[in-house]
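**Student:** There's a structure below that I have some questions on.
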Amino acid sequence: MLQMMFKPGKIKQGLFLALLLTACAQVPRPQTIQATQPPATDELVMPQAIQNSKVFIQVSSTVVELGSTVSLYAVPQQLGLITREVTWKVVSGPGTVSGGKNATFTAPTTGSGQTILQATSTENSALTGQVALNLTPKTAGQDVIQLTTNVAFSYDIVSVHVTSTYEVVEVTASVPNGPSTTLSKTGTNLYSGNLPLKGLPRGEQRIWVKVKDVKGNQQIRLYQFIADRNPALNVDYSLDDPYLVAADFFPVNASCTDDSGSCRITVKRNTVPVLSGVGSVNGSVDMQAFAGQVYPVSVIADDPGGNTLKYDFQVYVPNASLNTKMLVPGTIYDVDATRVLYTKAVPNGTTKLKYRSFATGVDTTLTLPLNGVPIGGKLFPDGVIYRTRPLGGGISWLFDSRDPGTNLTPSGHNWYAVSGYYLAYRTNDSQTFLRNLQTNTTTFLGTGLTGDLAPNGRLVSAPKLTDGTHDVYPVSNSTGVAIALFDGTQQILLRNYRLNGKAEIGVDYAVNNGYAAYTDYDSNGNRQVWLRLPTGAKVRKTFTSVSNVIAALGPNGELIVRRLGPGDLYTIDTAGNEKPLGLITRPYFVKFVDGKWNIVIFNGVFEPKP
């Protein structure tokens, strides 16, 4: 007995299979194959597809035993449908049907004849489809071979569930005038194999499944389906990173094609449709209400059968307090006074590493040895130190752009830092080295070391931070946690011991060029930011009713602070003047470059407005 319990699946490159089965009243129920009989002639049941283009219907079996159930699945065929749900009803005959897109028909315990079911789209009542089911008395005994089947098509893998009284010796699947394969046992009663279906033309297709047992009994069943690929979607953004910087209006220029001949594009801001068009769309999404936020925008293509392809973007809308210095088509790794280092995906699937000149806007593409994929990089005055890994994954390598033929870490590394003309890195066997990028000499520092690297090559381990001469770090005793400065000769407490005092690295303390920023508590228990000058004087920098923490410290005592609660950023210049930068909620990094703060957010470099 054949019972097909089939649900559509996606296969490689977007091929969608929707089985179209209907009862054929002339086709008798397959007879039971008895093991005591001689090997039987191949049985054949050939259900015929429903000839309508409004609703595709599939059914696990069109011959239904009294008192049993069968599974149904329906897909309305029209552009622009959202849920593609259906309602079912019994048009004629006995039995009941329940469910929506996935439904169940329950046959009565007595009776005979035929039941006709109808599925109607909940979004467009003009879209209907019908399927006829033949009722038959319940069979006594058990078939020798049963294809009680989830015939699943996924990524070119065909899987068949088979139960048999005797040992199964062969299971094959084939497409008429097309590929065929022998399925191997991959689990209990499960047989699977590779059958390349993605190359089939769009439209109604067939797959034969044949099972033989050790006694010579065999079953052959025909599965009919619709081959329908996902639409192709082209969006005019070539980023390898789904995060984008946009102005008040986010432009979207997209087009789609489909093997059905028609497709629709819908653009959504979060979940709200804002643009749509058949075949293409060219417009702008209003993002003015989301300044300072990261907000999702989706571009979706769908075809009449409900197959979809979607590109998701996280769009950052700059605050009014920021000037856009430069946007690049990729993920930014670093900036300095003259360049921005970034990665760029290209159509052939490889990823390039480039730096762009702020002055000319011209890109320089770096050589990536050993077919490596860039995964990080840092600028230094004469070049770039960058990380790559093999295309298939694995260890990470370090290279100097001035000599890309030399792999600095052939056995791999798991940490690195660049500051001034120095590179520090730790190899996969936990050996830490310091490389002078002017003399190209390398010195062994010790085992397992990582931390903060200063421009003069001094490396200190966390939780310390250093500018090469001065170190800042937390200290603790039985009375609490303090923040201290080591000035090269002695330890000086910047903040006294406080029970449960906060001392987070880079947030509650920082050091740069002899200036040390730190947080201390006011009389209300809020953290305020203070600055110790090279002269030894201490100056309070924030005076608010909420806590403040350090976001960045410049070489002359310039500060960016974050105000806890609202989370807004503020700049504080050397004279103590404070300006708001607004809310920047997603990952960013800040560098003080050529006398100005540079704030990097996704693929953009920004400067605070004067």
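**Student:** Tell me, which strands (runs of 3 or more DSSP E) lie completely within the range 440-490 with 1 or more residues that are farther than 23 Å from Lys502 by Cα? If you could, list the steps in order and put the result at the bottom.
**Tutor:** On the way: elements: 441-447, 471-477, 480-486.
Where strands (runs of 3 or more DSSP E) fall fully within the range 440-490 and carry at least 1 residues being farther than 23 Å from Lys502 by Cα, they are 441-447.
**Student:** Looking at the range 520-528, is at least one residue touching a Leu at 6+ places or on another chain (Cβ under 7 Å) and surrounded by 17 or more Cβ atoms within 10 Å (Cβ to Cβ)?
**Tutor:** Among the residues of the range 520-528, not one is touching a Leu at 6+ places or on another chain (Cβ under 7 Å) and surrounded by 17 or more Cβ atoms within 10 Å (Cβ to Cβ), which makes the answer no.
**Student:** Kindly evaluate Ile220 against the criterion of being open to solvent by less than 10 Å² (accessible area, probe 1.4 Å) and at pLDDT 75 or above.
**Tutor:** Working: open to solvent by less than 10 Å² (accessible area, probe 1.4 Å): no; at pLDDT 75 or above: yes.
Judged against the criteria, Ile220 is not a match.
**Student:** Kindly indicate whether Lys591 is at pLDDT 90 or above, open to solvent by 80 Å² or more (accessible area, probe 1.4 Å) and not in a loop (DSSP other than H, G, I, E, B). Full working, then the answer.
**Tutor:** Working: at pLDDT 90 or above: yes; open to solvent by 80 Å² or more (accessible area, probe 1.4 Å): no; not in a loop (DSSP other than H, G, I, E, B): yes.
No: the conditions fail for Lys591.
**Student:** Quick test of your reading of the structure: Gly582 fulfils all but one of (1) in a strand (DSSP E or B); (2) buried (at least 16 other Cβ atoms within 10 Å of the Cβ); (3) at pLDDT 95 or above. Name the failing condition by number.
**Tutor:** It fails just one condition, (3).
**Student:** How about the range 274-330: which of its residues are out of contact with any Pro (no Cβ under 6 Å at 6 or more places or on another chain), within 14 Å of Leu244 (Cβ to Cβ) and of a type in the set (Ser, Thr, Tyr)?
**Tutor:** Tyr295, Ser298, Tyr311, Tyr316, Thr324 - these are the residues of the range 274-330 that are out of contact with any Pro (no Cβ under 6 Å at 6 or more places or on another chain), within 14 Å of Leu244 (Cβ to Cβ) and of a type in the set (Ser, Thr, Tyr).
**Student:** From the list Val539, Val507, which one is surrounded by fewer than 14 Cβ atoms within 10 Å (Cβ to Cβ) and under 24 Å from Lys596 (Cβ atoms)?
**Tutor:** Values: Val507 fails: surrounded by fewer than 14 Cβ atoms within 10 Å (Cβ to Cβ).
Within the list Val539, Val507, the selection yields Val539.
**Student:** Restricting attention to the range 385-436, which residues are farther than 18 Å from Thr466 by Cβ and among the hydroxyl-bearing types (Ser, Thr, Tyr)?
**Tutor:** If the condition is that a residue be farther than 18 Å from Thr466 by Cβ and among the hydroxyl-bearing types (Ser, Thr, Tyr), then Tyr386, Thr388, Ser396, Ser401, Thr406, Thr409, Ser411, Thr427, Ser430 are the ones that fit.
**Student:** Next question. Test Lys310 against the criterion of being open to solvent by 10 Å² or more (accessible area, probe 1.4 Å) and more than 24 Å from the chain's Cα centre (by Cα), and give yes or no.
**Tutor:** Numbers: open to solvent by 10 Å² or more (accessible area, probe 1.4 Å): yes; more than 24 Å from the chain's Cα centre (by Cα): no.
Considered against the rule, which asks whether it is open to solvent by 10 Å² or more (accessible area, probe 1.4 Å) and more than 24 Å from the chain's Cα centre (by Cα), Lys310 comes out as no.
**Student:** Would you confirm whether any residue within the range 547-562 is touching a Ser or Thr at 6+ places or on another chain (Cβ under 6 Å), more than 23 Å from Thr324 (Cβ to Cβ) and polar (S, T, N, Q)?
**Tutor:** For the range 547-562, residues touching a Ser or Thr at 6+ places or on another chain (Cβ under 6 Å), more than 23 Å from Thr324 (Cβ to Cβ) and polar (S, T, N, Q): present.
**Student:** Now a separate question. State whether one or more residues within the range 488-511 are over 26 Å from Lys591 (Cβ atoms) and among the basic types (Lys, Arg). Walk me through it before giving the result.
**Tutor:** We begin by selecting, within the range 488-511, every residue over 26 Å from Lys591 (Cβ atoms); these are 489-493, 495-501.
Keeping just the survivors that are among the basic types (Lys, Arg) gives 495, 498.
Among the residues of the range 488-511, at least one is over 26 Å from Lys591 (Cβ atoms) and among the basic types (Lys, Arg), which makes the answer yes.
**Student:** Scan the range 511-525 for residues that are closer than 16 Å to Val481 by Cα and in contact with a strand residue (DSSP E or B) (Cβ under 8 Å, 6 or more places away or on another chain) and jot them down. Spell out the reasoning first.
**Tutor:** The initial filter retains those residues of the range 511-525 that are closer than 16 Å to Val481 by Cα, namely 518-522, 525.
Once the filter is applied, which keeps residues that are closer than 16 Å to Val481 by Cα and in contact with a strand residue (DSSP E or B) (Cβ under 8 Å, 6 or more places away or on another chain), the range 511-525 yields Tyr518, Thr519, Asp520, Tyr521, Asp522.
**Student:** Could you list, in sequence order, the residues of the range 65-115 that are outside any strand (DSSP E or B), at pLDDT 85 or above and among the hydrophobic types (A, V, I, L, M, F, W, C)?
**Tutor:** Leu66, Ala107
**Student:** If you don't mind, another one. Whether any residue in the range 337-349 is free of Cβ contacts under 8 Å to residues at least 40 places away in the same chain and closer than 19 Å to Trp397 by Cα is what I want to check.
**Tutor:** Looking for residues that are free of Cβ contacts under 8 Å to residues at least 40 places away in the same chain and closer than 19 Å to Trp397 by Cα, one finds none in the range 337-349, hence no.
**Student:** Please count how many residues of the range 404-419 are over 32 Å from the mean Cα position of the chain (by Cα) and open to solvent by 30 Å² or more (accessible area, probe 1.4 Å). Walk me through how you get there before you give the answer.
**Tutor:** Looking only at the range 404-419, we keep the residues that are over 32 Å from the mean Cα position of the chain (by Cα), and these are 405-406, 419.
Then drop every residue that is not open to solvent by 30 Å² or more (accessible area, probe 1.4 Å), which leaves 405-406.
Residues that pass the stated criteria total 2.
**Student:** Considering each residue of the range 436-458, count those that are closer than 22 Å to Val335 by Cα, more than 35 Å from the chain's Cα centre (by Cα) and open to solvent by less than 40 Å² (accessible area, probe 1.4 Å), and give that number.
**Tutor:** 4
**Student:** Under 6 Å by Cβ, and 6 or more places apart or on different chains, what pairs join a residue from the range 256-276 that is in contact (Cβ under 8 Å) with a residue 60 or more places away in the chain with one that is part of a loop (DSSP other than H, G, I, E, B) and open to solvent by less than 50 Å² (accessible area, probe 1.4 Å)?
**Tutor:** Short answer, once both residue conditions are applied: Cys263/Pro231; Cys263/Asp303; Arg264/Leu79; Arg264/Gly80.
**Student:** Go through the range 375-403 and report how many residues are over 24 Å from Val593 (Cα atoms), open to solvent by 10 Å² or more (accessible area, probe 1.4 Å) and of a type outside the set (Phe, Trp, Tyr). Show your work before the answer.
**Tutor:** Here is the first cut: in the range 375-403, the ones over 24 Å from Val593 (Cα atoms) are 388-399, 403.
When the remaining residues are screened for being open to solvent by 10 Å² or more (accessible area, probe 1.4 Å), the result is 389-397, 403.
Filter again for of a type outside the set (Phe, Trp, Tyr), leaving 389-396, 403.
Total meeting the criteria: 9.
**Student:** Would you please list the contacts, defined by Cβ atoms under 8 Å and residues six or more apart or on different chains, that run from a residue in the range 594-610 that is open to solvent by 30 Å² or more (accessible area, probe 1.4 Å) to a residue that is at pLDDT 90 or above and outside any strand (DSSP E or B)?
**Tutor:** Pairs found: Asp594/Ala337.
**Student:** Is the range 563-572 home to any residue that is at negative phi, open to solvent by 60 Å² or more (accessible area, probe 1.4 Å) and part of a strand (DSSP E or B)?
**Tutor:** There is no residue in the range 563-572 that is at negative phi, open to solvent by 60 Å² or more (accessible area, probe 1.4 Å) and part of a strand (DSSP E or B).
**Student:** Follow-up. Restricting to the range 80-114, count the residues that are closer than 30 Å to Asn307 by Cα, touching a residue at least 40 places away in the same chain (Cβ under 8 Å) and open to solvent by less than 30 Å² (accessible area, probe 1.4 Å).
**Tutor:** 3
**Student:** Yes or no: the range 282-289 includes at least one residue that is more than 19 Å from Asp228 (Cα to Cα), part of a strand (DSSP E or B) and under 24 Å from the mean Cα position of the chain (by Cα).
**Tutor:** There is at least one residue in the range 282-289 that is more than 19 Å from Asp228 (Cα to Cα), part of a strand (DSSP E or B) and under 24 Å from the mean Cα position of the chain (by Cα).
**Student:** Quick one: which residue in Val605, Val529, Val539 is outside any loop (DSSP other than H, G, I, E, B), touching a Ser or Thr at 6+ places or on another chain (Cβ under 8 Å), among the β-branched types (Val, Ile, Thr) and at pLDDT 95 or above? Give the steps one after another, and end with the answer.
**Tutor:** Details: Val605 fails: at pLDDT 95 or above; Val539 fails: touching a Ser or Thr at 6+ places or on another chain (Cβ under 8 Å).
That would be Val529, the only listed residue that is outside any loop (DSSP other than H, G, I, E, B), touching a Ser or Thr at 6+ places or on another chain (Cβ under 8 Å), among the β-branched types (Val, Ile, Thr) and at pLDDT 95 or above.
**Student:** If the requirement is being open to solvent by less than 40 Å² (accessible area, probe 1.4 Å) and out of contact with any Pro (no Cβ under 9 Å at 6 or more places or on another chain), which of these qualifies: Thr489, Thr466? Lay out the reasoning, then the answer.
**Tutor:** Values: Thr489 fails: open to solvent by less than 40 Å² (accessible area, probe 1.4 Å).
Answer to the check: Thr466.
**Student:** Looking only at residues in the range 420-430 that are closer than 13 Å to Leu408 by Cα and of a type in the set (S, T, N, Q), which one is most open to solvent (accessible area, probe 1.4 Å)? Walk me through how you get there before you give the answer.
**Tutor:** Going residue by residue through the range 420-430, those that are closer than 13 Å to Leu408 by Cα are 423-428.
Checking which are of a type in the set (S, T, N, Q) leaves us with 427-428.
Values: Thr427: 14, Asn428: 74 Å².
If we take residues in the range 420-430 being closer than 13 Å to Leu408 by Cα and of a type in the set (S, T, N, Q), then Asn428 is most open to solvent (accessible area, probe 1.4 Å).
The values are calculated or read from the model by the stated rules, or taken from the named source; none is laboratory data. In this text, all values refer to a predicted model and were calculated from it rather than measured experimentally. Cβ: placed from backbone, ideal geometry, glycine included. Neighbour counts: every protein chain shown. Remember, those area values only see protein heavy atoms, side chains included, never the ligands or the DNA or RNA. Shrake-Rupley method; radii C 1.70, N 1.55, O 1.52, S 1.80 Å.
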